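Chemist: What follows is a single structure, and I will ask about it in a moment.
The values are calculated or read from the model by the stated rules, or taken from the named source; none is laboratory data. Note that the structure is a prediction, hence the values are computed from the model and not measured. Don't worry about glycine lacking a Cβ; one is built from the backbone with ideal geometry, like all the others, and counts go over all protein chains shown.
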Amino acid sequence: MKRFWSRSQGDTAAPKARKQFGTFGGVFTPTLLTILGVIMFLREGWVIGNAGILGGLMIILLAFGITACTALAMSSITTNIRIGAGGAYAILAQSLGLEVGGSLGIPIYVSQALAITMYIFGFREGWLWVFPDHPAIVVDFVVFLVLYGIAYKSADLAIRVQYVIMAVIVGSLISIAMAAFTGSMQYEVTNVGLWGSFPGSPENDFSGTNFWIVFAVFFPAATGIMAGANMSGDLKNPRKAIPMGTMLAIGVSLVIYVLLAFWLARSATPEELVSNYNVMIDKAYWGPAVLAGLFGATFSSALASLVGSARILQAMGSHSIVPKGGWLGRLTADGEPRNALLVTGILVFGALLLRDLNAVAPLITMFFLITYAMLNVVVLIEQSLGLLSFRPLLRVPRIIPLLGLIGSVFAMFIVNPTFSLVAVFVVLIFYGVLTRRHLTAPFEDVRSGLFVALAEWAAKKVTDMPTMQERAWKPNLLVPVEDPNELRGMFLIIQNITYPKGSVKLLALQPQVQSNDVDERLEALKTAFRERGVFATSTVLTDGVFEDAVNAGMQVLQGAFFRPNILFLTMPDDAEREESYRRVIREARELSTGVLLHAPHPVAGLGQRQTINVWIRDRSPDWQLSWDIGNLDLSILTAYKLKRNWNADTRLITVVEDAEEVENARRFMSRLMDLARIPETEVLVHHGAFNDYLPEAPLADLNIFGLVSDPNFAFIRRMVSETNSTCLFVRDSGQESALA
């Protein structure tokens with residue numbers, strides 16, 4: 001059954017009115033504040049002191065390069081799907097199935113919850129530096145209660161608090177900038193050396209270190225890129241907000257880290273940088289401002305993790321990934337995951353009682369890196385399969401996710417090889433458990449496309465898939481051929497509909513056993529299709545009755561692994577053939593096979609192949625957009641294929657008789673093109689009578705109309721004449737989806 005993936009599948013009542021966030025508040029702010037964290041304030045100076053200015057910049061650029069590639073890959077995915085709540089979990093679940101999404105979603109959720117505890121500990125250390133007499137455990141629980149109270153109230157309040165924290169961090173950076181302008185930069189940039197001597201740290205009595213250990217210490221600073229994506233279910237337009245907000249946050253934070261590296265190199269000696277973790281506070285124009293920034297950085301990171309982790313748990317609960325999923329998946333009337341937040345709060349409270357999480361701290365980073373690696377894997381798989389459903393509005397070169405994958409795996413084993421293996425083992429255990437549960441997803445994923453691409457060994461797996469895979473749909477045409485010479489006139493449009501991943505099945509109809517001449521001409525046509533990148537095969541039926549032969553061909557091919565899903569017909573010549581077509585079209589509907597009826601213009605042909613009109617019937621007063629968009633899916637997908645292969649312009653046209661429905665129709669069509677991910681499509685809504693408007697309609701090289709079960713061929717011929725163009729009349733099979 002076709003349906004949208006609701007962000008609250010486990011709700012007992014849909015949210016009535018929830019606050020939704022834009023790019024700046026929902027993505028940019030939490031992502032930037034998570035990246036500009038405690039490592040920037042307390043460890044960047046140590047990095048520069050050990051690695052030197054050139055080595056330090058290499059570490060910064062390498063870390064941000066890995067996360068930037070991953071962020072671009074994630075952005076590409078989010079522009080191709082309607083991402084629900086859950087951030088990376090939602091992306092992986094929709095792409096590779098609930099089992100993969102859950103196997104990474106569970107450890108990511110636990111890691112984020114433990115990260116909250118570590119941020120609280122970091123806040124406490126800074127607080128005790130100022131107020132050494134305050135009891136540590138009291139500070140921890142007071143900070144936790146404040147965080148929980150803000151998150152429990154609403155995500156809106158959390159975002160507002162983060163605005164205040166951003167102002168505090170900006171103030172700390174202004175204090176540093178004022179120090180730079182008032183004489184703190186008293187050394188040459190080579191003061192720390194182009195390449196450092198890596199003396200080590202106070203903890204190891206300066207016994208030495210190396211480039212990769214310093215990189216491992218710094219790298220977690222760059223791993224905050226999921227903070228905004230975790231808010232995916234609360235964004236007005238996640239398809240736009242996540243790519244723009246995430247990449248902008250990465251760019252801004254990279255500039256800040258690089259500028260701070262130059263400032264530190266020129267403001268302190270190498271000895272100060274490696275021995276004094278508070279050197280940034282000491283060298284600033286007004287140290288308390290930087291100290292406030294440190295407090296703000298740890299507090300905001302904890303708040304973003306608390307808000308985001310609760311939403312990951314709610315999303316997993318709504319899909320029964322975790323126990324008590326129905327309860328965990330519930331949202332309040334204003335869209336807050338209070339049940340999931342309660343469980344998260346209990347987990348954080350328990351972790352605070354442990355008092356020290358240093359033993360498992362590296363494992364947190366490992367789970368993030370595995371998730372980053374899998375995000376890159378998803379894009380590589382989708383790009384390699386070449387499925388029609390993968391048409392992201394942001395396309396990235398294949399080298400980007402490849403570098404992101406290599407960098408993520410490399411960073412895992414550089415940071416901590418032991419914990420890397422433990423993290424992989426944990427993910428595999430969760431995957432095995434979830435696979436045994438036979439989870440049912442409320443959305444399609446790309447797995448069937450992968451199995452088709454690897455058909456030699458995956459055919460059984462594809463057959464066992466319980467639901468139709470709309471995302472793996474490709475145009476596989478069944479073309480009845482009575483005279484191979486007639487097919488030459490339709491060759492280009494068939495090729496352009498199916499190229500590059502579709503196929504053509506030529507069904508040759510012969511009243512008697514075929515001659516060698518027919519066989520040779522069919523072979524030539526198959527070869528011509530294959531030379532142009534379209535896989536083609538042929539079958540010959542000797543039944544002399546057109547209707548019986550075509551129906552028999554469709555029925556027999558139902559059991560084929562690559563079965564045709566579209567019947568391609570040309571205009572009939574006489575009334576007897578018209579009646580035969582009607583029966584064939586009805587049989588195609590029974591067999592869930594789409595129909596393309598090609599009605600060529602005798603003079604214009606396909607013209608210059610520069611413009612395509614897609615006509616939508618007047619749906620008044622029902623302009624509600626749901627997963628089932630009526631007999632439009634195949635028309636839109638066909639237009640998209642021809643648009644890409646012709647490099648053509650497309651228009652979506654409808655004519656409504658009621659003037660009050662004009663705006664509703666325009667909103668429906670604009671939203672439809674947005675969800676179908678077909679950019680640069682002109683939307684035209686005309687008020688009046690269809691017959692009056694038709695002669696005035698914009699000219700096109702091809703006009704696409706819907707096809708009813710009992711077509712009126714006189715009307716079809718009139719459309720060819722009045723549009724002065726070739727026309728395609730299209731009927732859906734029910735197996736394709738323009739919104740998949």
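Chemist: Being in contact with a His (Cβ under 9 Å, 6 or more places away or on another chain) and buried (at least 19 other Cβ atoms within 10 Å of the Cβ) is the filter here; which residues of the range 471-495 pass it? Working first, answer last.
Modeler: Of the residues in the range 471-495, the ones in contact with a His (Cβ under 9 Å, 6 or more places away or on another chain) are 490, 493-494.
I493, I494 - these are the residues of the range 471-495 that are in contact with a His (Cβ under 9 Å, 6 or more places away or on another chain) and buried (at least 19 other Cβ atoms within 10 Å of the Cβ).
Chemist: Given the residues L92, L33, L62, L54, which is the only one that is closer than 30 Å to G734 by Cβ, at pLDDT 75 or above, in a helix (DSSP H, G or I) and not polar (S, T, N, Q)? Before you say what the answer is, go through the steps one by one.
Modeler: Values: L33 fails: closer than 30 Å to G734 by Cβ; L62 fails: closer than 30 Å to G734 by Cβ; L54 fails: closer than 30 Å to G734 by Cβ.
Of L92, L33, L62, L54, the one residue that is closer than 30 Å to G734 by Cβ, at pLDDT 75 or above, in a helix (DSSP H, G or I) and not polar (S, T, N, Q) is L92.
Chemist: Go through the residues of the range 267-282 one by one and say whether even a single one is in the same structural domain as G208 (by TED's automatic domain parsing) and more than 25 Å from D205 (Cα to Cα).
Modeler: Start the filter on the range 267-282 by keeping residues that are in the same structural domain as G208 (by TED's automatic domain parsing), which leaves 267-282.
With more than 25 Å from D205 (Cα to Cα) added as a condition, the list becomes none.
No, the conditions are met nowhere in the range 267-282.
Chemist: Condition first: farther than 25 Å from I35 by Cα and touching a Lys or Arg at 6+ places or on another chain (Cβ under 7 Å). Now tell me which residues in the range 190-233 satisfy that.
Modeler: Listed by number, the list holds a single entry, N191.
Chemist: For A115, are the conditions met, namely being of a type outside the set (V, I, T), farther than 26 Å from P397 by Cα, over 18 Å from the mean Cα position of the chain (by Cα) and buried (at least 23 other Cβ atoms within 10 Å of the Cβ)? Give the steps one after another, and end with the answer.
Modeler: Details: of a type outside the set (V, I, T): yes; farther than 26 Å from P397 by Cα: yes; over 18 Å from the mean Cα position of the chain (by Cα): yes; buried (at least 23 other Cβ atoms within 10 Å of the Cβ): yes.
In short, yes.
Chemist: Considering only the range 325-346, state which residues are modelled with pLDDT of 90 or more and aliphatic (A, V, I, L, M).
Modeler: A340, L341, L342, V343, I346 - these are the residues of the range 325-346 that are modelled with pLDDT of 90 or more and aliphatic (A, V, I, L, M).
Chemist: Among V255, V274, which is over 20 Å from G183 (Cβ atoms), at pLDDT 95 or above and not in a loop (DSSP other than H, G, I, E, B)? Reasoning before the result, please.
Modeler: Details: V274 fails: at pLDDT 95 or above.
Answer to the selection: V255.
Yes/no per residue for (1) in contact with a helix residue (DSSP H, G or I) (Cβ under 8 Å, 6 or more places away or on another chain); (2) modelled with pLDDT of 75 or more:
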| position | (1), (2) |
| --- | --- |
| A458 | yes, no |
| Q469 | yes, no |
| W473 | yes, yes |
| P500 | no, yes |
| P511 | no, no |
| V518 | yes, no |
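Chemist: Report the residue count in the range 401-416 for those that are over 14 Å from T67 (Cβ atoms), part of a helix (DSSP H, G or I) and modelled with pLDDT under 90.
Modeler: Residues meeting the conditions: 2.
Chemist: Search the range 118-145 for residues being over 38 Å from the mean Cα position of the chain (by Cα) and among the charged types (D, E, K, R), and hand back the single one that is nearest to L354 (Cα to Cα).
Modeler: E125
Matching residues to (1) surrounded by 14 or more Cβ atoms within 10 Å (Cβ to Cβ); (2) within 23 Å of L597 (Cα to Cα):
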{"site": "W627", "(1), (2)": "yes, no"}
{"site": "V655", "(1), (2)": "yes, yes"}
{"site": "A665", "(1), (2)": "yes, no"}
{"site": "M669", "(1), (2)": "yes, no"}
{"site": "P679", "(1), (2)": "no, no"}
{"site": "A700", "(1), (2)": "yes, yes"}
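Chemist: So, in the range 481-494, exactly how many residues are assigned to a helix (DSSP H, G or I) and either assigned by TED's automatic domain parsing to the domain that holds I704 or touching a strand residue (DSSP E or B) at 6+ places or on another chain (Cβ under 8 Å) (or both)? Break it down stepwise before answering.
Modeler: Restricting attention to the range 481-494, the residues satisfying the condition of being assigned to a helix (DSSP H, G or I) are 484-494.
Of the ones still in play, those that are also either assigned by TED's automatic domain parsing to the domain that holds I704 or touching a strand residue (DSSP E or B) at 6+ places or on another chain (Cβ under 8 Å) (or both) are 484, 486-487, 490, 493-494.
Total satisfying the criteria: 6.
Chemist: Could you list, in sequence order, all residues of the range 318-327 that are more than 14 Å from P107 (Cα to Cα) and surrounded by 24 or more Cβ atoms within 10 Å (Cβ to Cβ)?
Modeler: Of the residues in the range 318-327, the ones more than 14 Å from P107 (Cα to Cα) are 318-320, 323-327.
Answer for the range 318-327, where residues must be more than 14 Å from P107 (Cα to Cα) and surrounded by 24 or more Cβ atoms within 10 Å (Cβ to Cβ): S318, H319.
Chemist: Does T638 meet the test of being under 21 Å from Q495 (Cβ atoms), buried (at least 21 other Cβ atoms within 10 Å of the Cβ) and of a type in the set (S, T, Y)?
Modeler: On the way: under 21 Å from Q495 (Cβ atoms): yes; buried (at least 21 other Cβ atoms within 10 Å of the Cβ): yes; of a type in the set (S, T, Y): yes.
It is true that T638 is under 21 Å from Q495 (Cβ atoms), buried (at least 21 other Cβ atoms within 10 Å of the Cβ) and of a type in the set (S, T, Y).
Chemist: Within the range 191-221, how many residues are small (G, A, S) and surrounded by 23 or more Cβ atoms within 10 Å (Cβ to Cβ)? Step through it out loud before you land on a result.
Modeler: Of all residues in the range 191-221, those small (G, A, S) come to 193, 196-197, 200-201, 207-208, 216, 221.
Filter once more, so that each one left must be surrounded by 23 or more Cβ atoms within 10 Å (Cβ to Cβ): 196, 221.
The number of residues fulfilling the criteria is 2.
Chemist: More than 30 Å from L194 (Cα to Cα) and in contact with a Ser or Thr (Cβ under 7 Å, 6 or more places away or on another chain) - does that describe any residue in the range 46-59? Before you say what the answer is, go through the steps one by one.
Modeler: Within the range 46-59, the first condition is being more than 30 Å from L194 (Cα to Cα), and the residues that meet it are none.
Within the range 46-59, none of the residues are more than 30 Å from L194 (Cα to Cα) and in contact with a Ser or Thr (Cβ under 7 Å, 6 or more places away or on another chain).
Chemist: Tell me the residue from V540, V595, V556 that is in a strand (DSSP E or B) and more than 27 Å from L642 (Cβ to Cβ), please.
Modeler: Numbers: V595 fails: more than 27 Å from L642 (Cβ to Cβ); V556 fails: in a strand (DSSP E or B).
The match here is V540.
Chemist: Tell me the residue from A85, A68 that is assigned by TED's automatic domain parsing to the domain that holds G196, buried (at least 24 other Cβ atoms within 10 Å of the Cβ) and in contact with a helix residue (DSSP H, G or I) (Cβ under 8 Å, 6 or more places away or on another chain), please. Give the steps one after another, and end with the answer.
Modeler: Values: A68 fails: buried (at least 24 other Cβ atoms within 10 Å of the Cβ).
The conditions single out A85.
Chemist: Identify, by number, the condition in (1) modelled with pLDDT of 80 or more; (2) under 22 Å from the mean Cα position of the chain (by Cα) that S420 doesn't meet.
Modeler: (2)
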